[in-house]
Amino acid sequence: MAATTLNVDSVIEPLEDSLSKLGLEVYPLKVGWYNSLLPASFHLSYPDDSLAVVVLSTPAMFELAFLPFIEEQRFQGLRDPIDQCVKHCVSGAVSQCFPGQKVDVRYDYELLPSRKPRFLAQTAAHVSGAAFYYQQSDVTDQPWADRKMFGVCVHPRFGGWFAIRALLVFEDVTLGPETVQPLPPDCVPTRDGRIQLLEAFNFRWQDWGYRDVVCPVQTYSQKQRDYFSTPPAQRFALLRTWG
Ligand code: GSH
């Protein structure tokens, strides 16, 4: 396939076709939208109008992709089962849909030698319009004095019941000037709501209450909750009990 024949639809449609049945969502963005919010040390070194695609996992990924993946692998060579499953799904879709195309695939768990992440997942999700990234600076007249509050992304359909998994950059595919940056739905528009969200995320993230900040259309199944509430080192034992 010649690189120049691809446009955004011919990237998004096949990716969506193969990844949606695995519980993954894809959203396009321009590299320039992402870079413009970040210091140079985090920039993606591609032209501003290059196409990137952010990949999210929805609650359905666990049953549609993860449990079948575990069963197929029969625990052989598994160290990071979730990360390996996402990589299997995403790299499989990319090589099947875009053979010969240059695609820079970056996963959320990958670090650069500088220990910086290979991409800032929440910024990518925000500029693609997928999920609003609520940050301390989005609260006027902040009540936290000098305390640093971490930001959190909210998905309009899944609230906090999702994860940002990967960023794909298609260096040979460009988005024209007619492509306007979508604004993510502002599901937590009030100052009070944002304070509650950031406090729930920063002070009580383990109880997962922040995930229900909007009424989600689907949340994690009990099985998935049990899995993610178990420390990673003990998850293999849990998986074995599921047979
Ligand atoms: N590296 C381990 C693996 O690959 O199994 C752990 C992966 C993991 O638990 N990742 C978290 C996750 O998927 C952080 S992204 N959490 C789901 C969530 O918090 O919604």
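The values are calculated or read from the model by the stated rules, or taken from the named source; none is laboratory data. Owing to the predicted nature of the structure, the values given are computational and were not obtained by experimental measurement. Counting neighbours? That spans all protein chains shown, and the Cβs are built from the backbone with ideal geometry, glycine included.
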Item to check | residue 227 being surrounded by 10 or more Cβ atoms within 10 Å (Cβ to Cβ), within 13 Å of the ligand (Cβ to nearest atom), at pLDDT 95 or above and under 18 Å from residue 71 (Cα atoms) | outcome: yes
Next on the checklist: Looking for something within 20 Å of the chain's Cα centre (by Cα) and aliphatic (A, V, I, L, M) - is there at least one such residue anywhere in the stretch 191-209?
Outcome noted: yes
Checklist entry - Hey, among the residues in the stretch 64-93 that are crowded, with 18+ Cβ neighbours inside 10 Å and among the aromatic types (Phe, Trp, Tyr), which one's nearest to the ligand (Cβ to nearest atom)? => result 66
Item to check | Test result for residue 238, within 14 Å of the ligand (Cβ to nearest atom) and either part of a loop (DSSP other than H, G, I, E, B) or over 26 Å from residue 27 (Cβ atoms) (or both) | outcome: yes
Next on the checklist: What pairs come out if I take residues in the stretch 113-135 that are among the β-branched types (Val, Ile, Thr) and pair them with residues that are surrounded by fewer than 18 Cβ atoms within 10 Å (Cβ to Cβ) whose C-beta lies under 8 Å away, six or more apart or interchain?
Outcome noted: 123/37; 123/38; 127/37; 127/181
Checklist entry - Here is a list of conditions, (1) within 22 Å of the chain's Cα centre (by Cα); (2) farther than 25 Å from residue 89 by Cα; (3) free of Cβ contacts under 8 Å to residues at least 40 places away in the same chain, and residue 145 meets all of them except one; can you say which number that is? => result (1)
Checklist entry - residue 96: over 24 Å from residue 42 (Cβ atoms) and loosely packed, with under 13 Cβ neighbours inside 10 Å, yes or no? => result yes
Checklist entry - For residue 119, which of the numbered conditions (1) under 12 Å from the mean Cα position of the chain (by Cα); (2) more than 16 Å from the ligand (Cβ to nearest atom); (3) in a loop (DSSP other than H, G, I, E, B) fails to hold? => result (2)
